Amino acid sequence: GMPVEQNPPALSLYEGADSGLRCNFSTTMKSVQWFQQNHRGRLITLFYLAQGTKENGRLKSTFNSKERYSTLHIKDAQLEDSGTYFCAAEADNYAQGLTFGLGTRVSVFP
Amino acid sequence: NSKVIQTPRYLVKGQGQKAKMRCIPEKGHPVVFWYQQNKNNEFKFLINFQNQEVLQQIDMTEKRFSAECPSNSPCSLEIQSSEAGDSALYLCASSPLDRHYAEQFFGPGTRLTVL
C-alpha cells in the first residue's frame, strides 16, 4: 500500500462545524508536518510534530509514531479553512525527504 | 512563515527546451530539498543537498535533471530537455541540519507548463 494514506479525500463542512482528517503510515515515521495548500499552490505549514499533540487556534494535531498515524482536527470551521490539506511524514532516512499523502480537499460552506 | 524564495513563479517551455528554476533557502538552513507535485497531487522527492553536496537523488533526476546549490548563490534545478510529463509544480524546501528538528520550510513553487 501507499506509505502515507490520507483520508478522507474530500470533506464538505458548514461553517461552525468540527471535523477531522487522518493519515496512516505503513511504517514508523519520525515526524509529521501538516500543510494547507492555497489556490496559488503555496504550502502553508500548520504543524510540525515529532510526537504528541499541538494546538493552534481552531486547529489541533496529534502524532502517534508507535501507532503510525496522525490527525488534524478543525474546530468551528470558517470559510477561509477551504483548501487542500496535506500530511507529510519524515522516515528514518532524513535524506529521502518527506513522503506526502494525496491530500484532503476541504470545502466550507456558509 | 517560510522565507524560502523561488523564481520564477511560472515557466512555460516547449518540448525539448531547457527549463531552469531557482531557490534561495532560508538563511542558516544548510539542507535544501526539491519536490515535484503533479496535477494528481502526487508529490515526488527529486533531490536534496547539504550545503553544496548532493545527499540523495532519484533516478529520474540523475538522468534528465541537473541541480546545484553553489556557495553564495541560489540553488537551481534545470530540466535538460523538457517533456510534457514534466508539467508540474516544483517546490523547494530548506531545513536546519538538526537531527532533533527536521521541519522543512517551503517556497511558493515554480509552476512549469511544457507545451
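Residues in region B:33-90 that are closer than 23 Å to residue A:90 by Cβ and of a type in the set (D, E, K, R): B:42, B:44, B:53, B:59, B:62. Of the residues A:12, A:70, A:61, the single one that is in a strand (DSSP E or B) and more than 22 Å from residue A:91 (Cα to Cα) is A:12. Within region B:40-57, identify whether any single residue is of a type in the set (Asp, Glu), more than 14 Å from every other protein chain (Cβ to nearest Cβ) and either in contact (Cβ under 8 Å) with a residue 40 or more places away in the chain or out of contact with any Phe, Trp or Tyr (no Cβ under 9 Å at 6 or more places or on another chain) (or both), and answer yes or no. No, region B:40-57 has no match at all. Being at pLDDT below 95, loosely packed, with under 15 Cβ neighbours inside 10 Å and within 26 Å of residue A:38 (Cα to Cα): is that true of residue B:1 here? Answer is yes for this residue.
Taken over region A:1-53, the residue count meeting the criterion of being over 19 Å from residue B:95 (Cβ atoms), over 11 Å from the mean Cα position of the chain (by Cα) and of a type in the set (A, V, I, L, M) is 5.
The set of residues in region A:1-50 that are open to solvent by 60 Å² or more (accessible area, probe 1.4 Å), modelled with pLDDT of 95 or more and within 11 Å of another protein chain (Cβ to nearest Cβ) contains only A:9. Given the structure, is residue B:75 open to solvent by less than 60 Å² (accessible area, probe 1.4 Å) and within 14 Å of another protein chain (Cβ to nearest Cβ)? Answer is no for this residue.
Within region A:53-84, being open to solvent by less than 10 Å² (accessible area, probe 1.4 Å) and farther than 20 Å from residue B:102 by Cα holds for A:74, A:77.
Residues in region B:82-115 that are of a type in the set (Ser, Thr, Tyr) and surrounded by 14 or more Cβ atoms within 10 Å (Cβ to Cβ) were compared, and the one that is farthest from the other protein chains (Cβ to nearest Cβ) is B:82.
A residue that is assigned to a strand (DSSP E or B) and within 8 Å of another protein chain (Cβ to nearest Cβ) cannot be found anywhere in region B:2-19.
Residues checked against (1) over 14 Å from the mean Cα position of the chain (by Cα); (2) part of a loop (DSSP other than H, G, I, E, B):
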position	(1), (2)
B:32	no, no
B:46	no, no
B:60	no, no
B:63	yes, no
B:76	no, no
B:90	no, no
B:93	no, no
B:101	yes, yes
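The values are calculated or read from the model by the stated rules, or taken from the named source; none is laboratory data. Small disclaimer: the values here were computed from a predicted structure and weren't measured. Cβ atoms come from the backbone with ideal geometry, glycine included; neighbour counts cover every protein chain shown. Each accessible area value is taken on the protein alone, full model and side chains, heavy atoms only, with ligands, DNA and RNA left out. Shrake-Rupley method; radii C 1.70, N 1.55, O 1.52, S 1.80 Å.
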